[in-house]
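Chemist: Encoded as structure tokens, here's the structure I'll be asking about.
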């Protein structure tokens with residue numbers, strides 16, 4: 001991915017990457033990206049920014065992280081949107097999502113983890129064991145969370161390979177659970193103060209809350225445009241924007257997404273679509289999709305459908321709700337941060353009526369003709385909750401297709417056949 005001008009290999013070598021294996025990874029991603037993204041027609045011009053970001057995914061952005069560290073800052077890695085980016089930024093850190101969207105070093109991973117572990121967990125372990133993820137190697141700390149049994153046990157083994165801190169996410173939302181979570185926020189602040197050598201101030205936290213909220217507002221604008229028909233941006237491109245939001249520079253990302261939102265509003269006014277007006281409209285819900293996992297969106301849209309919304313961690317759960325900005329003292333701001341993050345409706349919660357309501361509401365708001373429920377194989381929370389989602393959707397008159405898959409491409413033909421039949425039915 002390095003260009004003809006900049007040689008990033010000394011930087012990668014300094015991070016301890018396996019350069020031979022890393023070369024193999026970087027030779028695969030551009031081909032995957034070209035097939036899924038650059039083959040599209042009628043894309044918004046602003047998506048050229050994300051094409052550049054992906055071309056430099058292990059290059060320029062890693063250099064920016066290393067420059068930040070050299071200037072006295074820290075880099076904090078996360079696997080989940082329950083880790084509050086606002087607190088990391090307020091203490092001089094940069095928050096980056098870590099590699100977990102492709103199969104890598106599974107033969108070595110399966111010496112530590114059962115074969116029937118979900119793809120996301122096996123992937124993040126594989127990228128670390130295989131020494132091909134410069135993001136995790138640049139981190140001063142990796143923050144995990146107890147969103148599922150597989151992850152929390154894998155973090156114990158991951159902690160033997162990297163500095164790891166785990167937040168306890170309650171599995172219910174009662175007052176006692178809210179108090180536990182608020183305490184976890186305080187403990188996170190203390191840990192990050194220790195790692196960064198800084199003290200949290202109201203001024204820095206207020207600024208960080210505003211910056212991260214602005215990023216969410218930009219994504220809200222981009223995704224609101226998808227209610228139009230014809231849809232002015234493909235589902236693949238909208239998914240990519242949220243995936244990049246996890247590690248790109250926040251003010252720059254916000255500026256570029258707002259520019260794309262401006263363009264989308266102009267395209268709507270002109271009746272310009274990225275996909276045909278008559279394409280069956282689909283909402284995708286379920287497990288998160290990390291770069292370079294674009295498989296399902298690619299299958300749906302190459303089959304003639306239009307993905308118009310994602311109720312995913314790499315979708316509406318990431319940007320739909322904001323942190324309240326009215327508090328002026330640290331405790332009040334941390335209360336607001338805790339409240340916002342616990343209000344995310346992950347399948348790890350029981351009971352979890354909020355997610356069911358969100359899926360039906362978003363499908364209706366975005367004019368979806370049907371819902372595709374996506375779950376990674378062996379991801380029990382989402383696989384089991386699919387039944388609840390299906391019942392609620394069908395009650396609302398929305399057909400549902402359930403897809404259980406992993407990161408391999410071996411089932412693309414089978415998935416295409418099932419998706420084509422589903423789109424024919426709802427269209």
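Values in this text are rule-based calculations from the coordinates and carry no lab data. All figures in this text were calculated on a predicted structure; none of them were measured in a lab. Quick reminder, even Gly has a Cβ in these numbers, built from the backbone with ideal geometry, and neighbours come from all protein chains shown.
Chemist: Which pairs have Cβ atoms under 7 Å, sit 6 or more apart or on different chains, and link a residue in the stretch 412-427 that is in contact (Cβ under 8 Å) with a residue 40 or more places away in the chain to one that is surrounded by 15 or more Cβ atoms within 10 Å (Cβ to Cβ) and assigned to a helix (DSSP H, G or I)?
Modeler: 412/295; 412/299; 415/299; 416/299; 419/299; 419/300
Chemist: Turning to a different aspect of this structure: Hey, any hits in the stretch 383-397 for a residue that's under 30 Å from residue 115 (Cβ atoms), in contact with a strand residue (DSSP E or B) (Cβ under 6 Å, 6 or more places away or on another chain) and free of Cβ contacts under 8 Å to residues at least 24 places away in the same chain?
Modeler: yes
Chemist: What number of residues within the stretch 309-330 satisfy the criterion of being assigned to a helix (DSSP H, G or I) and touching a strand residue (DSSP E or B) at 6+ places or on another chain (Cβ under 8 Å)?
Modeler: 2
Chemist: Given 300, 344, 291, which one is assigned to a helix (DSSP H, G or I), on the phi < 0 side of the Ramachandran plot and touching a helix residue (DSSP H, G or I) at 6+ places or on another chain (Cβ under 9 Å)?
Modeler: 300
Chemist: Among 222, 283, which is crowded, with 23+ Cβ neighbours inside 10 Å, touching a residue at least 12 places away in the same chain (Cβ under 8 Å) and assigned to a helix (DSSP H, G or I)?
Modeler: 222
Chemist: Just to be sure I understand, how many residues within the stretch 225-254 are assigned to a helix (DSSP H, G or I) and either in contact with a helix residue (DSSP H, G or I) (Cβ under 6 Å, 6 or more places away or on another chain) or in contact (Cβ under 8 Å) with a residue 12 or more places away in the chain (or both)?
Modeler: Selection size over the stretch 225-254: 18.
Chemist: Here is a list: 105, 119. Which entry is touching a strand residue (DSSP E or B) at 6+ places or on another chain (Cβ under 8 Å), in contact (Cβ under 8 Å) with a residue 24 or more places away in the chain and farther than 12 Å from residue 79 by Cβ?
Modeler: After applying the criteria, what remains is 119.
Chemist: Among (1) in a helix (DSSP H, G or I); (2) more than 28 Å from residue 228 (Cβ to Cβ); (3) touching a strand residue (DSSP E or B) at 6+ places or on another chain (Cβ under 8 Å), there is one condition residue 404 misses while meeting the rest; what is its number?
Modeler: (1)
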